[in-house]
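Colleague: Here it is, the structure in full.
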Amino acid sequence: MQRLYEARDRIEAQLLVDLLGRHRIGATIFGDYLAGAAGELPAGIWPTVWVLDEADLGRARAPLAQFLAAADRPPGPDWVCPGCGERLEDSFDLCWRCGRSRD
């Protein structure tokens with residue numbers, strides 16, 4: 001196992017693990033519930049994302065860069081699903097109604 005990223009919170013860590021899973025890269029979160037011990041542990045302990053197979057570490061860097069770039073991107077305009085015509089916010093890449101991608 002190799003450490004890939006130190007997340008700001010549990011939600012960010014889980015989103016990254018989910019993205020890596022879509023790229024068929026096994027990953028896990030360590031320190032997931034340490035925030036519940038705030039005050040008992042030293043400050044600065046955050047959840048970390050670890051790649052399970054060290055051979056996948058290089059492949060994991062591209063989705064990580066994509067993930068970080070999307071987080072820093074200012075919100076864009078809403079979009080209309082090409083499948084069903086549903087109006088969606090820019091933060092959605094898939095239509096919540098029919099599941100089609102933004103294209």
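The values are calculated or read from the model by the stated rules, or taken from the named source; none is laboratory data. Predicted model only: the values in this text are computed from it and were never measured. Neighbour counts are summed over all protein chains in view; Cβ atoms, including those assigned to glycine, are modelled from backbone coordinates with ideal geometry.
Colleague: What's the number of the condition Arg73 fails, among (1) basic (Lys, Arg); (2) at pLDDT below 95; (3) closer than 16 Å to Leu4 by Cβ?
Modeller: (3)
Colleague: Can you pull out every residue in segment 30-54 that is at pLDDT 95 or above and among the aliphatic types (A, V, I, L, M)?
Modeller: Across segment 30-54, the qualifying residues are Val49, Val51, Leu52.
Colleague: Would a scan of segment 82-90 turn up a residue that is surrounded by 13 or more Cβ atoms within 10 Å (Cβ to Cβ) and charged (D, E, K, R)?
Modeller: yes
Colleague: How many residues does segment 1-28 contain that are part of a strand (DSSP E or B) and either among the small types (Gly, Ala, Ser) or crowded, with 18+ Cβ neighbours inside 10 Å (or both)? Can you show your working first?
Modeller: Start the filter on segment 1-28 by keeping residues that are part of a strand (DSSP E or B), which leaves 2-6, 27-28.
Remaining after also requiring either among the small types (Gly, Ala, Ser) or crowded, with 18+ Cβ neighbours inside 10 Å (or both): 4-5, 27.
Of the residues in that region, 3 qualify.
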